[in-house]
Amino acid sequence: MAFVFEKITEAGREIFNSFDLKCPINGRPLEETMWARDRERDAFLIALGGDGEYGSDLPMFYMLIWNNNRIKVDAFSSGNGDISNGVEMFWKITKIQAPKCLLEVKDEMIEIITEGIASEGFAGRCEWTKSVQFDYIAAPEFMLEVYSH
């Protein structure tokens, strides 16, 4: 099964709340309504806030929860095209911070991150997305623990 960018259901709200995620900009608890979820791999990619457009100083902040591990991801995106003809998305992942226990599976972790981001599509709509390309993916930094952003 792959990532699905979906609305958080009532049943999913309890799972989401258990992550205790906060906005990195203002420190307030997140009240997201959407997430990218891969049920088979027990993975959730959640946008925490930010800007994230190419040329901006402020990335889009993400948290990947994978098998109860927290992985922080900072990314920027741009797109070419329009919703009528499809949008080509371009991404730069500028930071990945992960717990040391994931060092041995770093390639799988990066694959999960890119799949999760790609599932979001353009403005949360995959049907508008013609293609997704990653122009840059930072080497992961591994640390003892990763806390919320």
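For the range 8-18, does any single residue satisfy the condition of being crowded, with 17+ Cβ neighbours inside 10 Å, modelled with pLDDT under 90 and not charged (D, E, K, R)? Steps first, please.
Kept after step one, since they are crowded, with 17+ Cβ neighbours inside 10 Å, are these residues of the range 8-18: 8, 16.
Still in the running and modelled with pLDDT under 90: none.
Checking the range 8-18: not a single residue is crowded, with 17+ Cβ neighbours inside 10 Å, modelled with pLDDT under 90 and not charged (D, E, K, R).
Only residues that are more than 22 Å from GLY27 (Cα to Cα), surrounded by 12 or more Cβ atoms within 10 Å (Cβ to Cβ) and touching a residue at least 40 places away in the same chain (Cβ under 8 Å): list them for the range 78-98, please.
Scanning the range 78-98 gives GLY79, GLY81, ILE83, GLY86, VAL87, GLU88, MET89, PHE90, TRP91, LYS92, ILE93.
Of ALA2, ALA47, ALA36, which residue is in contact with a helix residue (DSSP H, G or I) (Cβ under 6 Å, 6 or more places away or on another chain) and under 17 Å from GLU115 (Cα atoms)?
Going through ALA2, ALA47, ALA36 in turn, the sole match is ALA36.
Quickly run through the range 42-52 and pick out the residues that are buried (at least 16 other Cβ atoms within 10 Å of the Cβ) and over 15 Å from ILE93 (Cβ atoms).
Hits for the range 42-52 are ALA43, PHE44, ILE46, GLY49.
When the range 22-35 is examined, which residues are found to be out of contact with any Lys or Arg (no Cβ under 7 Å at 6 or more places or on another chain), closer than 21 Å to ASN69 by Cα and in contact (Cβ under 8 Å) with a residue 12 or more places away in the chain?
Across the range 22-35, the qualifying residues are CYS23, PRO24, GLU32, TRP35.
Identify, please: which residue in the range 135-145 is over 13 Å from LYS92 (Cα atoms) and part of a loop (DSSP other than H, G, I, E, B) and is, among those, modelled with the highest pLDDT?
This residue is PRO140.
Within the set of pairs 6 or more residues apart or between chains, which connect a residue that is closer than 13 Å to ALA36 by Cα inside the range 9-21 to a residue that is acidic (Asp, Glu) with Cβ atoms less than 8 Å apart?
Short answer, once both residue conditions are applied: PHE16/GLU32.
Scan the range 104-127 and give yes if some residue there is touching a strand residue (DSSP E or B) at 6+ places or on another chain (Cβ under 7 Å), open to solvent by less than 30 Å² (accessible area, probe 1.4 Å) and free of Cβ contacts under 8 Å to residues at least 40 places away in the same chain, otherwise no.
Scanning the range 104-127, I find at least one residue that is touching a strand residue (DSSP E or B) at 6+ places or on another chain (Cβ under 7 Å), open to solvent by less than 30 Å² (accessible area, probe 1.4 Å) and free of Cβ contacts under 8 Å to residues at least 40 places away in the same chain, so the answer is yes.
Within the range 19-40, which residues are open to solvent by less than 70 Å² (accessible area, probe 1.4 Å) and out of contact with any strand residue (DSSP E or B) (no Cβ under 7 Å at 6 or more places or on another chain)?
Passing the criteria: GLY27, ASP38.
Please go through the range 53-65 and pick out each residue that is crowded, with 20+ Cβ neighbours inside 10 Å, more than 13 Å from PHE16 (Cα to Cα) and over 9 Å from the mean Cα position of the chain (by Cα).
PRO59
Would you be able to say whether some residue in the range 114-134 is small (Gly, Ala, Ser) and part of a strand (DSSP E or B)?
We begin by selecting, within the range 114-134, every residue small (Gly, Ala, Ser); these are 116, 118-119, 121, 123-124, 131.
Still in the list and also part of a strand (DSSP E or B): 131.
Scanning the range 114-134 turns up at least one residue that is small (Gly, Ala, Ser) and part of a strand (DSSP E or B).
The values are calculated or read from the model by the stated rules, or taken from the named source; none is laboratory data. Computed from a prediction, not measured in an experiment: that's the story for all the values here. Virtual Cβ from ideal backbone geometry, glycine too; neighbours counted across all protein chains shown. Ligands, DNA and RNA are excluded from the accessible area calculation, which covers all protein heavy atoms including side chains. Shrake-Rupley method; radii C 1.70, N 1.55, O 1.52, S 1.80 Å.
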